[in-house]
Structures are given as C-alpha cells and as structure tokens.
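Have a look at the structure below, then the notes.
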Amino acid sequence: MATKLRLVKIWWRFVLLSTQDQFLTGWAAILFIIGKVVRFCFFFIFLFVVLSATKNLAGYNREQVIFFFLVFNLIDIIVQCFFRGVYHFRYNVVKGEYDFDLGKPWPAWFRPIFGYTDPLDFITLIPLWSYFIWFVFSRHLFTGVGDLVLFLLLLGNSIILGFAFHLLACSICLLTTEIDHLIWVYRDLTSMAKFPTDIYQKFIQFFLTFTIPVVILFTVPAKALLGLLSWPWIVLAFIISGFSWWGSMKFWRHALRKYSSASS
C-alpha cells in the first residue's frame, strides 16, 4: 500500500510539471482547448445532420447514437489524459534518457506510461462529463443503479485495456524504437467506435473485438448503461481486459530483457 501511495505522489509530481509546461505556452494551450471543443462540436453537427435524414442507425435512435459518441469521447480522453507519456517515450529511448529511469525505485514501465499527464485533456473532461450526465438524464437513457455500477466497472475495465495497449506500444518501442505509427494505427481504429460498432459487418466486429478490442473499449460500456448488454459480453470484456493486461506485462518484461541501452 505504501508503494502505491508513493507512486501516486510521484505521478502527481509529473502532473504538476506537465501543467507548468503546458501553461507556459500561453495562447498555444488556449488554442489547443478551443480546437478540441470546435472539433467536438463539428462532429456533433455531423451526427445531427446524418440522423435527421435516417432517423436511426443500426436500430439505434438519434439520442442513443449521440450517447455512443459521448461515451467514446469520455473514454478516449481519459485514456489519452493518463497515458500521454507514451507519446514522449521514443525520444527518451533514442536519446538514452530512459537509461536513467531503470535504476530508480519505481516500476520500469511507470514513467513511459505515466510520465506525462496532459492537463488540457483533464480540463476538457470537466464540461464533457457535465454534458454527458445532463444528456443521459434529460433523454431518459438512465435505466437503473445496477446498470450505472456496471458501466463504471466497465469504464475502469476500459482504462486497464487502454493501459495494456499503451504498454505493448512501449514494449515494441524498446525493441524497434518505433512507436508513433503504432499509436496512430490505434487512434484510427478506435475512431471507428464513434458510432455503434453494430453498423459494421460481422467479420469487422470480430476483428474489433479480438485484435485491438475497440468494441470492449467503447461499445460495451455504452451498452451497459443503456441496459442492452448481455452477461456473456460482460464476462468476455473482463476476460479480454485481464488477458491483455497479463500479456502486455509479459511482453514488456521480454522487451526489457532485450533492450540495448544507449550506454551499453
């Protein structure tokens, strides 16, 4: 327990440092937030235009489709907020700065994953959560306390799954020094979950469930809160998340053994 608290304190120190770094840029940070809000609003307008013509999508009405979009953004921003350090990891490996982390009293994966927490993402989460809660209750999408608890559990499950993928990306970076393209492949695939993944053909749904499990990341938590999720999917979600976490940790240890540091 004491070790976990110490890691939380170190992480919080990283947060403070990244916050100082972001807000020293002044207008750049403000324009970044404005850009995110504008992009979110434009996609929202796109959804309304499309759904005003079709009325439903894969059997979901307009409110439910917008709900899927909101859940996607919540999970996507949370994962980006906590695991933004991955985007800086290649530079640390190539420059040899990661070598200095290996002798420090924290897990070898701690700084690559949690070394940079984006405060701008956290700022955008505040209005997004507020609007999400208002939308769910105003559109009568809330189906019960049990579904809410299940949604929160699956939200945590999605964060673990996001951690597993980002750790896998860091492992590949240790072996090849390549990470940027892998992260952008992940970003492109996850963007397919802005809409309910039921709209895709069965083999695409299978691919998005068992390769990079986009369905488990985004669609399953959304269906849980809507009361549309069956128990086999709940069990499958936790199995895939647990296996992904275990597999990524095993592969990380393998990559660490093969890592040739800049000083070796």
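The values are calculated or read from the model by the stated rules, or taken from the named source; none is laboratory data. Model, not experiment: these values are computed from the prediction. Virtual Cβ from ideal backbone geometry, glycine too; neighbours counted across all protein chains shown. Ligands, DNA and RNA are stripped out before the accessible areas are found, and what is left, the full protein with its side chains, is counted by its heavy atoms. Shrake-Rupley method; radii C 1.70, N 1.55, O 1.52, S 1.80 Å.
Please compute the per residue accessible area over the range 2-258 with all protein chains in place, 1.4 Å probe, rounded to a whole number of Å².
52 Å²
Can you compute the radius of gyration and Dmax for the chain, using only the Cα atoms, both in Å?
Radius of gyration, then largest Cα-Cα span, for the chain: 19.5, 62 Å.
With axes computed from alpha carbons, what is the tilt in degrees of helix 145-176 against the longest principal axis of the chain, rounded to the nearest 10 within 0 to 90?
40 degrees
Mind checking which of Ala169, Ala58, Ala237 has the largest fluctuation in a GNM of the chain, springs on alpha carbons under 10 Å?
Looking only at Ala169, Ala58, Ala237, the biggest GNM fluctuation is shown by Ala58.
What FRET efficiency comes out for Leu7 versus Ile123 if R0 is 22 angstrom and r is the Cβ-Cβ distance? Round to the nearest 0.05.
0.40
Nearest 10 degrees is fine. How inclined is helix 27-54 to the longest principal axis of the chain, computing both from alpha carbons?
Helix 27-54 sits roughly 30 degrees off the main axis of the chain.
Roughly how many debye, to the nearest 20, is the charge dipole of the chain about its Cα centre, given +1 on each Lys and Arg Cβ, -1 on each Asp and Glu Cβ, and no other charges? Kindly include the intermediate steps, with their values, before the conclusion.
Details: 22 positive and 13 negative charges, 73 e Å.
So the magnitude is around 340 debye.
Defining a contact as two alpha carbons under 8 Å apart and six or more residues distant in sequence, what relative contact order in percent does the chain show?
26 percent
Just want the answer: with Cβ charges of +1 for Lys and Arg and -1 for Asp and Glu, which residue in Ser138, Leu70, Tyr186 is farthest toward the dipole's positive end in the chain?
Positive-most Cα among the choices belongs to Tyr186.
Where does the chain land at 222 nm, in deg cm²/dmol rounded to the nearest 500, when only DSSP H runs of n ≥ 4 count, each adding -39500 (n - 2.57), divided by all residues?
The helix contribution divided over the chain gives -24500 deg cm²/dmol.
Only Lys, Arg, Asp and Glu count, each charged at its Cβ (+1, +1, -1, -1), so figure out the dipole size of the range 110-228 about its Cα centre, rounded to 20 debye.
The calculation lands at about 240 debye.
Please identify, among Phe82, Phe114, Phe210, the residue showing maximal mean-square fluctuation in a Gaussian network model of the chain using a 10 angstrom Cα cutoff.
The residue with the greatest mean-square fluctuation here is Phe210.
Just want the answer: with Cβ charges of +1 for Lys and Arg and -1 for Asp and Glu, which residue in Leu16, Leu5, Leu150 is farthest toward the dipole's positive end in the range 2-258?
Leu5
Carbon and sulfur together cover what percent of the accessible area of the chain at a 1.4 Å probe radius?
On the way: 9730 of 13930 Å².
The C+S portion of the solvent-accessible surface of the chain is 70 percent.
Rounding to the nearest 10 and keeping the result within 0 to 90°, find how far the Cα-based axis of helix 180-190 lies from the longest principal axis of the chain.
The answer is roughly 20 degrees.
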